[in-house]
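Encoded as structure tokens, the structure appears first; notes follow it.
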Amino acid sequence: MGNISKTSDQFKEALLDDYLERNPGLSRSQVVLRFKNGKPVFDTIDKVMSSASVRMSKQNQQELLRKQMEVKDDERYQSSCASIGNCKQMIDFLFAVTFMTFSLAEKKENLGALKRCERIILDRTHTKFNIKKEFLEMMSASARISRTR
């Protein structure tokens, strides 16, 4: 076992010497062995660090997006419910005023239409919540996979 590791180290040193000969401006301390697509590659520390920062910034962006989706309230749902509430108040006002003819049948018809709208909003919000939940689960699964690589 000791001979194999010694041979491996000698082989790495020979590869490093060859890399330094091909890149005369570099010193031995600037060169790093890294793995790219499963194969060992010699590279400069600057290139390795820049690729790591790009990879980290992408992970940070995904994490930020995930947090925004988890925390942010559904403002459209709240404003839609407020709008429907305002419409109900207007229907009640139209029915209550004496200078306009707005019958009980019209009131019931309009309130029924608002009820249908409420159900549609609730259904779409529920669907959106489920899709958002699945998307966040997929993002967290991909984040776990990329962290283990």
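Run the paramagnetic zone check for LYS108: 7 angstrom along Cα to Cβ, then residues of segment 74-88 with backbone nitrogen under 20 Å. Under cut-off, by backbone N: 88. A Förster radius of 41 Å, combined with the Cβ-Cβ distance separating LYS88 from SER140, puts the computed FRET efficiency at roughly 0.50. For the pair ASN130 and ASN23, label points projected 7 Å from Cα toward Cβ lie 5.3 nm apart.
Read the figures in this text as sums done on the coordinates, not as results from a lab. All values reported here derive from a predicted model rather than from experimental measurement. Positions of Cβ are generated from backbone atoms using ideal geometry, with glycine treated the same way; all protein chains shown enter the neighbour counts.
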